[in-house]
Structures are given as C-alpha cells and as structure tokens.
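Peer 1: The structure's right below; bear with me while I get my questions together.
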Amino acid sequence: MSPDSKSVSLDSMKETDKEAWLRRAAAYVRKSTDHQQYSTNNQMDFIREDARRRGLEIVKIFSDEGKSGLSIEGREGLKAVIAEIEAGQANYSCILVYDVSRWGRFQDPDESAYYEFVCRRAGIAVRYCAEPFENDGSPISTIIKGIKRAMAGEYSRELSAKVFQGACRLVRRGYKQGGSAGYGLRRMLVDQNGQRKGVLKNGEQKSIQTDRVICIPGPAEEIKVIREIFKMFSGEGNGETEIARILNQRGILSDTGDPWTASRIRHLLTNEKYIGNNVYHRVSFKLKQKRVVNPPEEWVRADGVFERVLDPELFLKARQVYQARKIQYTDEQLLKNLRELLLQQGHLNSGLIAKAEDMPPKHLFRRRFGSLVTAYRLVGFEPRLNYKHLKVTRRLHLKCTELVGALIQKIEASGGTACWNKRAKLLQINNELQVAIAITRQSVTDFGTPRWVVRVDSDLKPDFMIVVRMDARNEEIRDYYLFPKLEMTWRRKRLGEENGISLDAYRFRTLDCFMDLLNRVNLQRKI
C-alpha cells in the first residue's frame, strides 16, 4: 500500500472514525533469553503507561519470546507485524516498542531502518516508548536513532566476543560447552569445586550459573560398540556406510534414537572426545551471519581432560585410514569413478553412489558439477524423471495452499488472526499458537497395503501438527491427524490404514474439532 492510498483512505473516513483509528495502537515486545531482566511483562508495563499518557488504546500485542534480535529469522512476532502492515490489514495507527534495541540488534543498521520504513510507508508510526527522543522524523531524532541502531549492533558484537573468550577459558579447564555428549558418553554436572552432582538427561540443562558440565563414559554396552566401530573401520576395512548397515541390522540405535548413517559414523570416528580431548570452535556461527568450518589451527582444545573410552592408538590408526581416503579428486577422476559405476550397475542414482565403497561422496559431485544430473549426463547417462511423482508433488503443494487459505479465512472470520510462514510451513495463530501442516501422499507397500509417511523437522517446535492423509489417487483429502506437541517425539512416522488407539485417537474426518479448539471462552467471575 502506497502512502497516497493510505492518505486517501484516511481522508475518506468520517472525522469520528479517523479519531478512533488514530487512538488505536499495537505493541511489539521481545526478549532474547529466558533469563533476561527486562521481560516482556516489564516492557508491556512501560508501554501501557506510555500509551495512557498519549491517550492510545492498545488493541493488539505482538511478542517474540526468547528470540535473538540479530536477524528477523525465527521472530514470528515481528514477521506478523510486517506481513499484516504490508497486506493493508493493520487496524491501528502506530506500533509501540520499548526501545530501539527491542526492535532489533541487526548487524546492518539499515535492516532495522528498512522494517521501520515498511511501517511508515503504510502510514503506521513506530514509537520507542523508553527512548528520550520522539520518533517524529526530525533530523535530530534520525541522527540519534541511527546511533542507537549502531550501538545495538555493536553491543551484540562485543557480547559475542566476551562469550567466546569465556567459553574458550572453560574449554581449556576441561568443561564441555553445549551440545549432546554423543554415543557412549554422558554429561556429568559438577559444582564450582569439581564435585559431581549427577548425570544430565537429554534435554536437561544446568540451573546454577556456577555449575559446569564434563563428559564421562556411558554404559558398558555402548563403549563396546564404539570400540567395535573403530576396529571395523581401521582393522577390517569396512566403510562408514557398511558399518552403519551392520549396526542397523543388529537393531543398535544412535544416541538420538535414530538409525545409524554414514555421516553419524564419520562424526564418531573423527571426534577426539573418545580419547579424552575437549575440542571447541571447529565450526562457528557467530552473530547468526554465516556457518564457517574453521581450520585446525583455530580450534580451541584441552587434551586429556575427560576420561577416555578408547585407546589413543586405535583412534590414531582410524584417523590415518580416514585421511588416506580423503583424496583430492580432479574432475576427470570423479567422472571416471562415476563412469565405472555406470558400467557395473547399468544406471545411476544417489543411492548407488552412497553405497559404493570407493566412490567420492555425492555432495562432491553436486559441488563440482552443479548437480548430480549434470554429472550423470557428462558420463553418458540420461536419468528418467518421474513425471508422475512430480505431478503429484505439484498437486499436493496446491492442496496445501488451498487448506491454509481456508483455515486463515475461518480463523479471521471468527475474530482471530493467522499468518502463514511458507518456508517453515507453520501457521501462526493469534500470535500464540504455531501449527505445522504436513500433506502426506498415499503409497502402497510390497504387500499391497496403503501407507503414509510423516516427517517432522527437528528444528521446528510447533504446538500442533496437522497431518493430512490423501486418498489412493492423491487427489482428495482422506482424513486428518491432529497431533499435539507432547506426542511428537518422533522425526519420522509411518501410518497405515489403522494405527491403534494411541495414534488413531487423534484422527478426524474434518478440521471442525481444530476450529473448536481455537474458540475463545469468556471467563467471568461469578459473584
């Protein structure tokens, strides 16, 4: 919406409607951690007092709890503000924010200015309640605001450097910094004097700031598996893929409860924590800018600080074998290996490349030639595209779009708000509820029975997941599963026609029950 169109709509308002609109305001609050002193409640107290002084009525609150201000990614509250304003659906004249840093600590001050410009372009003012200046567009306020934005970004950079230096000191003293312990190890909580307090389970964190975490050996059966993995790799000549297959056939799961993969085996074989070394800063992702794989000379390490579970000689032998396999392939060598695999198998696909022991990893072909299909064609193999599969994929994408649109329309008709995050496939409802939507195609097993496969992105934390099962032709919706967050303990689930009461209790023919869950109830105190 252009400034002109907004001004026309204001001019066309009745004087009473214009005055009512100018008195309406929205509030945006953000806190970056759960331990932050200035909570969203404290921010709202200050914002409400400022609104009272200005004679404004707060009609809507947007919130980002525990979200960093370094970027807009993951900040669904701010995204909802921008999306609503750009769509011309804002029913308020201004947005009240505690201060400039709550709007964001963007590393590029222009990014912060851009989001404010989007609001101002639509006729919506942004007011910083705790700042000593009035955000009225005057030269003085513009200069001060620019300085404040730069200071907010600089604060994050300085804090990042301090946190990194502190983490390095703790690593050198033998304390683990973040992440899971890994297969065959456990995280032990110790106090400031080094006294052991207990083993932390998956998902548990320390509650006292002076406590620390170290790695200790896990169950004897897991340690036995670790030693067997190293022997299979360095002594018996088995590759990562073959080792993963052997473990999966024996029903041995990884530390996350998932089947083993070649990458999991590779990570285990190259991790020095199994010989007692604490290594940090192998990969960095500072200020949420770019993931960087650091060279070994930049690693921060402390050797022999953990109780080892593996003989160092066996680890070094495995490392030598691994390094010998890391050959610097030329383009000609890559294509030669691919051509030999084609002669052996008669065709090519990513699965064959992954299973072949002496083949370079498939990601190397993608990086070198742009895609696997391009590499296939360079060795004379023309892959057959599954046009039927692509057609179904497009149909399911359209079905998902239709379903989301229908849900948003129903929610808004009932007085609520909804915003669709296309990338994450999350529906943000009333700035309170996140709902994932998964459209699952129907396939047929070798026994002729229908099957639907549901996959959950481990990075998403939705409150509910709507699983849509398609019919036999993958044209119409068969039914829905509405799984709450507590039930989504899996990353991949296969559904059959009947799945038992533990799953089918969440099955519904329509989404009317879901809409019933969203209904507001007016709780009045009875006297």
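The values are calculated or read from the model by the stated rules, or taken from the named source; none is laboratory data. What you see is a predicted model; the values in this text were computed from it and never measured. We place every Cβ from the backbone using ideal geometry, glycine too, and count neighbours over all the protein chains shown.
Peer 1: Any chance you could count how many residues in region 237-284 are among the aromatic types (F, W, Y) and in contact (Cβ under 8 Å) with a residue 40 or more places away in the chain?
Peer 2: 2
Peer 1: List every residue pair whose Cβ atoms sit under 8 Å apart, with the two residues 6 or more apart in sequence or on different chains, where the first one lies in region 454-473 and is under 26 Å from V444 (Cα atoms) and aliphatic (A, V, I, L, M) and the second, anywhere, is at pLDDT below 90 and in a loop (DSSP other than H, G, I, E, B).
Peer 2: As it stands, the answer is V456/M488; V456/W490; V456/R491; M465/V456; M465/M488, since those pairs meet every condition given.
Peer 1: Another question, if that's okay. Going through region 270-308 one residue at a time, which ones are aliphatic (A, V, I, L, M), surrounded by 14 or more Cβ atoms within 10 Å (Cβ to Cβ) and modelled with pLDDT under 90?
Peer 2: Listed by number, the residues that qualify are V279, L287, V300, A302, V305.
Peer 1: Of the residues that sit in region 377-400 and are over 21 Å from R473 (Cβ atoms) and of a type outside the set (F, W, Y), which one is modelled with the lowest pLDDT?
Peer 2: Restricting to residues being over 21 Å from R473 (Cβ atoms) and of a type outside the set (F, W, Y), the top hit is R384.
Peer 1: Anything in region 227-240 that is surrounded by fewer than 18 Cβ atoms within 10 Å (Cβ to Cβ), of a type outside the set (D, E) and modelled with pLDDT under 90? List them, or say none.
Peer 2: K231, G235, G237
Peer 1: Out of region 114-152, which residues are of a type in the set (G, A, S) and within 20 Å of V29 (Cβ to Cβ)?
Peer 2: Hits for region 114-152 are A125, A130, A152.
Peer 1: Kindly indicate whether any position in region 265-272 is part of a loop (DSSP other than H, G, I, E, B), closer than 27 Å to W490 by Cβ and not assigned by TED's automatic domain parsing to the domain that holds P361.
Peer 2: Yes; the residues of region 265-272 include at least one that is part of a loop (DSSP other than H, G, I, E, B), closer than 27 Å to W490 by Cβ and not assigned by TED's automatic domain parsing to the domain that holds P361.
Peer 1: Let me ask something additional. Is one or more of the residues making up region 438-446 of a type in the set (K, R) and surrounded by 14 or more Cβ atoms within 10 Å (Cβ to Cβ)?
Peer 2: Yes, region 438-446 contains a residue that is of a type in the set (K, R) and surrounded by 14 or more Cβ atoms within 10 Å (Cβ to Cβ).
Peer 1: Residues of region 405-448 being farther than 15 Å from V467 by Cα, more than 16 Å from the chain's Cα centre (by Cα) and among the charged types (D, E, K, R), which ones?
Peer 2: Correct list: K410, E412, E432, D446.
Peer 1: Name the residue, out of V225, V213, that is in a helix (DSSP H, G or I) and among the β-branched types (V, I, T).
Peer 2: Sole residue among the options that is in a helix (DSSP H, G or I) and among the β-branched types (V, I, T): V225.
Peer 1: Failed condition for T241, given (1) β-branched (V, I, T); (2) part of a loop (DSSP other than H, G, I, E, B); (3) over 30 Å from V163 (Cα atoms), with all others met?
Peer 2: (2)
Peer 1: I'm trying to understand the selection: among the residues of region 336-364, which are in a helix (DSSP H, G or I) and under 27 Å from the mean Cα position of the chain (by Cα)?
Peer 2: Matches in region 336-364: S350, G351, A354, K362, H363, L364.
Peer 1: Name the helices (runs of 4 or more DSSP H) wholly inside region 45-141 in which the number of residues that are farther than 18 Å from L22 by Cβ and at pLDDT 90 or above is 1 or more.
Peer 2: In region 45-141, 76-86, 109-121 are the helices (runs of 4 or more DSSP H) which contain 1 or more residues that are farther than 18 Å from L22 by Cβ and at pLDDT 90 or above.
Peer 1: If you take the residues of region 475-514 that are in contact (Cβ under 8 Å) with a residue 40 or more places away in the chain and either surrounded by 16 or more Cβ atoms within 10 Å (Cβ to Cβ) or in contact with a Pro (Cβ under 8 Å, 6 or more places away or on another chain) (or both), which of them is farthest from T445 (Cα to Cα)?
Peer 2: Residue satisfying both the conditions and the ranking: F514.
Peer 1: OK, next. Could you check, for region 413-432, whether at least one of its residues is in contact (Cβ under 8 Å) with a residue 12 or more places away in the chain, β-branched (V, I, T), assigned to a strand (DSSP E or B) and in contact with a Leu (Cβ under 9 Å, 6 or more places away or on another chain)?
Peer 2: yes
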